[in-house]
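In what follows, a single structure is set out as C-alpha cells and then discussed.
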Amino acid sequence: MLDFIYYPVSAILWFWHKAFSLISGAPDNGVVWALSVVFLVFTLRAVLFKPFVKQVRTQLVMQKLQPQIKALQKKHAGDNQKLAAEMAKLQKEHNYSPLLGCLPMLIQAPVFIGLYHVLRSFNRTGAATHVPFLSPTEPMSIADNANTANYFFSASDVQSFLDAKLFGAPLSAMISSPAAQLEAFGDVTRLSIVLVAVPLMIFAAVATHFTSRASIARQVDTGTVNPQTAIMNKLALWVFPVGVIAFGAFAPIAILIYFVSNNCWTFTQQHFVYGRIAAEQREGDALSTPGSAPTAPVPGAKPIRAKRKRGTSESALPTDG
C-alpha cells in the first residue's frame, strides 16, 4: 500500500550502499551498510534544509507576533469567530503559514516509516511481513528470505545485508528479535545485539535531549514561552529521550543509527541556521540605526583615510593634542 514510499527510500539506501561498496570494496561490511543509513538521513535532511530555514523564520515571525496575538485574544475574548478572522488576517499580513512550521516533520515521518519497513523486510523469517506487491501471511523460510528481493534490493543485496554485522550485531536485528529471526543471521547471540544497541539507544536519547535543550534555549531568550509550549518543552527534554530508550528495544540497529545521525544533523543544523539568522538580524539592526556605522575598519578591510586638499602638506594636518 505504501510502495510509493518504500521504493524511493530503498533506492536512496541502495545508491549509498553501492557507492560505499565501490569505495571500500567490501559490500558485506557492516560499516558500509551503517554509512548507507547515515547518508540516507543526510540526503533527506539536505533536501529538507530550505524548508527547515523557512520553518525557523516562520517560528521567529510567530514569536514577534505574540504581543499582537495576545492583544487580539483579549480584545475578542468570547468571540471565537471574530478572533479566528483577525488571526488569519494578521498571519496573512506577515506571510505566516502554520504549514511551513510542520513541513519538515510531515516529510520525515513517512520516510522513517519507509526506512523502518524496508529494514524489517530484509529479514522476513519472523512474523508476517511485506514483499513487493504481495503480503504473505506466513513467515518465510531462511532460504526463501535470502533469495527474495526487498524492494530496490536484489536477492544478493538481501544476503549481503544479512551477512553484514556492526561489531557482531546484524543491522536489522533488535534486542527483542524472536529466536527464529536470529537464526537467519547465522551465528548471532542476543548479547552481541545488546552490546551494540544499548550504547546507540543511550547516545540517541542524549542527542535528543540536547537537541531539544538547544531549541528551548532560543525560545526562552525570546520570552515567548506560553503554558502549552512549556509542557511540550518538558516532554521534549525528558519524555522523548526516555521514549527513545524504551522504543530502542523494539528497533533494528539500523533505526538506532538513523536516530543518532538524525539528531546529530539537527543539532548542527540548528546552530548553523540560527547563527546565520542572528547575524542577519544584527546586520539589519546596525543598518537601520542612525549613526551606527563602525568606527573601526572591519577586519581584513582596507582602512579609509581622509583625503587631503591639494597643496596641504602632511605636517599642516591637525594633530591630536
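Contact map, region 264-288: residues that are touching a residue at least 24 places away in the same chain (Cβ under 8 Å) and outside any helix (DSSP H, G or I) paired with residues that are surrounded by 11 or more Cβ atoms within 10 Å (Cβ to Cβ) and among the hydroxyl-bearing types (S, T, Y), Cβ distance under 9 Å, separation 6+ or inter-chain. No pairs are found.
Of the residues making up region 245-263, those that are touching a residue at least 24 places away in the same chain (Cβ under 8 Å), assigned to a helix (DSSP H, G or I) and over 15 Å from the mean Cα position of the chain (by Cα) are I245, G248, I253, A254.
Yes or no, residue by residue, for (1) over 27 Å from the mean Cα position of the chain (by Cα); (2) among the aliphatic types (A, V, I, L, M):
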site: A11; (1), (2): no, yes
site: W16; (1), (2): no, no
site: A26; (1), (2): yes, yes
site: L48; (1), (2): no, yes
site: F52; (1), (2): no, no
site: T58; (1), (2): no, no
site: K64; (1), (2): no, no
site: A88; (1), (2): yes, yes
site: F112; (1), (2): no, no
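Residues that are assigned to a helix (DSSP H, G or I) and modelled with pLDDT of 80 or more within region 107-123 comprise A109, P110, V111, F112, I113, G114, L115, Y116, H117, V118, L119, R120, listed in sequence order.
Looking at region 43-59, can you tell me whether even one residue there is hydrophobic (A, V, I, L, M, F, W, C) and at pLDDT 90 or above? Yes: one or more hits. With respect to the conditions (1) surrounded by fewer than 15 Cβ atoms within 10 Å (Cβ to Cβ); (2) in a helix (DSSP H, G or I); (3) in contact with a helix residue (DSSP H, G or I) (Cβ under 8 Å, 6 or more places away or on another chain), A84 falls short on a single one, namely (3).
Looking across L35, L90, L65, one residue alone is closer than 26 Å to V118 by Cα and of a type outside the set (D, E). It is L35.
Somewhere in region 24-42, is a residue hydrophobic (A, V, I, L, M, F, W, C), free of Cβ contacts under 8 Å to residues at least 24 places away in the same chain and either part of a helix (DSSP H, G or I) or in contact with a Ser or Thr (Cβ under 7 Å, 6 or more places away or on another chain) (or both)? Yes: one or more hits. None of Q63, Q59 is in contact (Cβ under 8 Å) with a residue 60 or more places away in the chain, within 22 Å of Q269 (Cβ to Cβ) and polar (S, T, N, Q) except Q63. Residues in region 1-45 that are hydroxyl-bearing (S, T, Y) and surrounded by 20 or more Cβ atoms within 10 Å (Cβ to Cβ): Y6, S10, S36. When every residue of region 289-296 is checked against the conditions, at least one turns out to be at negative phi and at pLDDT 55 or above.
The values are calculated or read from the model by the stated rules, or taken from the named source; none is laboratory data. Remember, predicted model here, so these are calculated numbers, not experimental data. FYI the Cβ positions are ideal-geometry reconstructions off the backbone, even for glycines, and counts take in every protein chain you see.
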